[in-house]
Each structure stands twice: as C-alpha cells, then as structure tokens.
1. Show me, for segment 41-48, the HN-Hα J-couplings you get by feeding each phi into the Karplus relation (A = 6.51, B = -1.76, C = 1.60, θ = phi - 60°), rounded to Hz, glycine and proline as x.
2. Any idea which of Val46, Asn31, Val18 is furthest toward the positive side of the dipole for segment 1-50, if Lys and Arg beta-carbons carry +1 and Asp and Glu beta-carbons -1?
3. Whole percent per 10 Å bin, from 0 to the bin with the longest distance: what is P(r) over all C-alpha pairs of segment 1-50?
4. Using θ = phi - 60° and the Karplus relation 6.51 cos²θ - 1.76 cosθ + 1.60, list the HN-Hα couplings for segment 17-31 in order, rounded to whole Hz, with x at every Gly or Pro.
5. Please give, to one decimal in nm, the separation of the simple spin-label points placed at Leu36 and Met1, each 7 Å out from Cα toward the Cβ.
Amino acid sequence: MSDAKHIYDIADHHAQTVQVCIDRLHELGANEQLKLLTARLQKLVVRATAGGDDQGTKAAGRQARRPQNLKGQPSKSAS
C-alpha cells in the first residue's frame, strides 16, 4: 500500500469518527460546540482543497520563513 493511500485511509477513518461526533452533538443540542467544530472543519477544507496553493499549510510556513535575497529568491545559505 502506498504512503498516500495509507494516510488517506487513516484520515477517512477519523472523518467517520468526526461525523458520528457531529451527529451526537446535534442530538445534544450543543450548538456552541458545533460552531467551534464548524470553524475548524472549514479551515481543514481550505487546506485539503486540491491545487497548487499551499497557503496555511506547514510547508507554506516553512517556505515563508526561509531567508531570501533582495530579488525574493531563497538565499544561498538557505539551501
């Protein structure tokens, strides 16, 4: 099994768990907790959306912290 498939399977299992928790929170009328969870899940949607934009990811944060020269290129010492 590829690493990507294995990681997907783990995420899918956890997504099922989150779905059960959401259903239970609805049953309990826990609207405040549902709002908090909704905000967190919306952030995850942005991160999980396929495409070249890595904004908000750990990889993008590492890239943003790399030293750059005056032309915006990674500095030679960062390589």
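1. Listing the rounded values in order: 5, 5, 5, 5, 4, 4, 5, 8 Hz.
2. Looking along the dipole axis, the top candidate is Val46.
3. 22, 44, 26, 8, 0
4. Karplus-based 3J(HN,Hα) across segment 17-31 equals 5, 4, 4, 5, 5, 4, 4, 5, 4, 4, 4, 7, x, 7, 5 Hz.
5. In this crude spin-label approximation the distance works out to 3.2 nm.
We did not get these values from a lab; they are worked out from the coordinates using the rules stated. Everything numeric here is computed off the predicted structure, so don't read it as measured data. Neighbour counts are summed over all protein chains in view; Cβ atoms, including those assigned to glycine, are modelled from backbone coordinates with ideal geometry.
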